[in-house]
Amino acid sequence: MMTVKIIPTSPFSDQRPGTSGLRKKVSVFKQPHYLENFVQSIFDTLPRLGGQTLVLGGDGRFYNGQAIQCILKMSAANGFERVLVGCDGLLSTPAASAVIRKRGASGGIILSASHNPAGPDGDFGIKYNGANGGPAPESFTDDIYARSREVRAYRILDAADIDVSRIGETVLSETVVEIIDPITDYIALMETLFDFDGIRNLFVRGGFRMRFDAMHAVTGPYARSLLEDGLGAPKGTVVNGVPRSDFGGQKPDPNLIYAHDLVETMYGANAPDCGAASDGDGDRNMILGRAIFVTPSDSLAVLTANAHLAPGYRAGLAGVARSMPTSCAVDEVARDIGIPCFETPTGWKFFGNLLDAGRISLCGEESFGTGSSHLREKDGLWAVLFWLNILAVRRQSIAEIMHDHWSRYGRHFYSRHDYEDIDPDVAQELIDALRLRTTNLAGRRIGNLVIGHSDDFQYIDPIDHNVTSHQGVRVLLDNKSRIIYRLSGTGTEGATLRVYLERFEPDQTRHDLDTQMALADLAALSRKLAEIDTRLDRRIPSIST
């Protein structure tokens, strides 16, 4: 007889979810009662649990398996009718969103710290997604945090662990636990959006070569099923395709720094036609051609300009949205094709209202995330398939497509400079000082640059009219260049200052400039305005992407 145990506990003071849930070191989550307290706080915040279905899975990082067993027992003890679990506990973030929406689940718990390092000394994360498949709104996560500061007991079933390696159903007390294939439903959804026959011909008849780096993370099995088994890409197209609990000792962040092997391949001799990578939980992507890197901002713009080439978007786009730090490249396309373009704070949840209201069809962030109305999460493999669909129709190289795009819309040179592992108090003082200065920067000339406007970005949601303030200091120059300053909310150690640099260049003869050289004057201005050298004692950023 399985019995429900009510375990006394004491609150933890550090369980405030960030933009992507609660992220901490594994050692923090392994403290007695820490995970249980947060999960119980989620369940206590939900309006009702009886008769509801919960989706559960993660990116396979260290502690994923133990956490799933704990959450299953707590789900049963708290009265869920059914829990859908990805086989082996694996479920990419976009696939989890797809399952929630297809199966009519009340929500889902996703175990991931995205692109953060994994392993016993690495990071772990947990977030709740609602019935629309998207991240919980800030009002809900605020309620979770409030509850976490009050919780005095949690409910958990006294039962043996469940075998999550076999697809099928089992019963845990009165809760049905269904182990599902995490890939089949996702592929079926992709088939409704893209021309699989055209992409297959690109590989089989066109001699098209590709390298997809799964970074030992969750998308490996998805990519192999899609690209190699389904679309005819040669075996070996997917590299680092076996998920590992420590991601092979690497940081699963698909950018020019951490996907260095892929970058070397694409800039080397006899490079494939296309290179792509995804991150820990499968919601980010990087696209490269031969000796060319497509910035996430440019990628969103190109997808918007070419959306009519994909079957799922031929009817037209309702609108597009980008996060505020993302470059304005997509704005130019939106104006050209006559659709609205929304500027939101960083965080995928801000796209949710626009998507649910039918106001946008595509959206994206500079942090290697793009997505559409098919889900309520960013989706790495979706973006890769979209690019393959475009390449199959246009029969041009990625470099040719990019140069055609820039010749029509101009080029937005763009880079993000990260200053990592800063004392949080020092970082906050820097931002506070910048905010005070935003009132008198307009009209100031520094060298050849003139500041046209500066502010601290505030967003008024056009759907529910909620106001979100202090989302980043913007310095807008009169030549359509921008400098943006933000503190990141995705790390687990110290603070990270992100400085975003953007310069618009309409002159085609200058489109092949080196990005960092093209932005050198903006980079110098960004350091001077924020007093980075003196306040942070840093002369160069930790990472430039």
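Leaving ligands, DNA and RNA out of it, report the carbon-plus-sulfur percent of the accessible area of the chain at a 1.4 Å probe. Don't skip to the answer; put the middle values down first.
Values: 9760 of 20760 Å².
Ligands and nucleic acids excluded, carbon and sulfur give 47 percent.
Could you sort 381-394, 347-360 so that the peptide with the highest average Cβ count within 10 Å comes first and the rest follow in order? Spell out each step's value before the answer.
Details: 381-394: 23.3, 347-360: 20.8.
Final packing ranking: 381-394, 347-360.
Measuring from the lowest to the highest alpha carbon on each principal axis, how far does segment 447-545 reach, largest first, in angstroms?
45, 34, 23 Å, listed from the longest principal axis down.
Give the Cα extents of segment 156-285 along the principal axes, in whole Å, largest first.
Over segment 156-285, Cα extents along the principal axes are 59, 35, 22 Å.
Under the rule of at least 5 residues apart or a separate chain, name every residue whose amide H is placed under 5 Å from the amide H of residue 153.
Amide H neighbours of residue 153, under 5 Å, 5+ apart: 9.
Going from the alpha-carbon gyration tensor of segment 69-228, what semi-axes, largest first and in whole Å, does one get by taking the root of 5 times each eigenvalue?
Square roots of five times the eigenvalues give 33, 18, 16 Å.
Please work out the C-alpha center-to-center distance from segment 155-178 to segment 62-127 and express it in whole Å.
When both Cα centres are located, 14 Å separates them.
What whole number of Å gives the distance from the Cα centroid of segment 180-216 to the Cα centroid of segment 513-544?
Answer, in whole Å: 40.
Once phi is turned into ³J(HN,Hα) by the Karplus curve 6.51 cos²θ - 1.76 cosθ + 1.60 with θ = phi - 60°, what whole-Hz value does each residue of segment 112-124 show in order, with x for glycine and proline?
So the J values, rounded to whole Hz, are 6, 10, 6, 8, 6, x, 10, x, x, 9, x, 10, 9.
Quick check: convex hull of the Cα atoms in segment 397-497, volume per residue, rounded to a whole Å³?
Here the figure is 189 Å³ per residue.
From largest to smallest, what semi-axes in whole angstrom does segment 437-493 give when each is the square root of 5 times an eigenvalue of its alpha carbon gyration tensor? Intermediate results must be reported in sequence, preceding the final value.
Working: eigenvalues 128, 53, 18 Å².
Computed over segment 437-493, the values are 25, 16, 10 Å.
Compare the Cα positions of 2, 532, 522 along the charge dipole of the chain (+1 at Cβ of Lys, Arg; -1 at Cβ of Asp, Glu; about the Cα centre) and return the one farthest towards the positive end.
522
Can you pull the percent of Cα pairs in segment 186-253 with separation above 13 Å?
Within segment 186-253, distances greater than 13 Å cover 64 percent of Cα pairs.
Using only alpha carbons, build the gyration tensor for segment 234-370 and give me the equivalent ellipsoid semi-axes, biggest first, whole Å.
Computed over segment 234-370, the values are 29, 18, 14 Å.
Compute the normalised compactness of segment 313-403: alpha-carbon radius of gyration over 2.2 N^0.38 Å, N being the residue count.
1.07
Could you state the angle between the C-alpha long axis of helix 64-77 and the longest principal axis of the C-alpha atoms of the chain, as a value from 0 to 90 degrees rounded to the nearest 10?
50
Quick one: dipole size for segment 102-204, taken about the Cα centre, charges +1 on Lys/Arg Cβ and -1 on Asp/Glu Cβ, in debye to the nearest 20.
220
Using only the Cα atoms of the chain, each taken as one equal point scatterer with no solvent, compute I(q) by the Debye sum, divide by I(0), and report log10 of the ratio at q = 0.06 Å⁻¹.
The computed values of log10 I(q)/I(0) come out as -0.28.
On average, how much accessible surface per residue is there in segment 173-323, in Å², for a 1.4 Å probe, leaving out ligands, DNA and RNA?
Working: 5280 Å² over 151 residues.
The answer is 35 Å² per residue.
Taking only the alpha-carbon positions of segment 127-199 and ignoring solvent, what does the Debye formula give for the base-10 log of I(q)/I(0) at q = 0.14, 0.28 Å⁻¹?
Summing over Cα pairs of segment 127-199 leads to -0.84, -1.15.
Can you spot the lysines whose alpha carbon is less than 25 Å from residue 73's alpha carbon? Ignore those fewer than 8 places along the same chain.
Result set, ordered by chain and number: 5, 24, 25, 30, 102, 127.
Roughly how many Å² is the accessible area per residue of segment 377-476, as a whole number, for a 1.4 Å probe?
Computed with neighbouring chains in place, this is 43 Å² per residue.
The values are calculated or read from the model by the stated rules, or taken from the named source; none is laboratory data. This structure is a prediction, so every number in the text was calculated from the model and none was measured. With ideal geometry, Cβ positions are generated from the backbone for all residues, glycine too; neighbour counts draw on all protein chains shown. We work out accessible area using only protein heavy atoms, side chains counted, and drop any ligands, DNA or RNA first. Shrake-Rupley method; radii C 1.70, N 1.55, O 1.52, S 1.80 Å.
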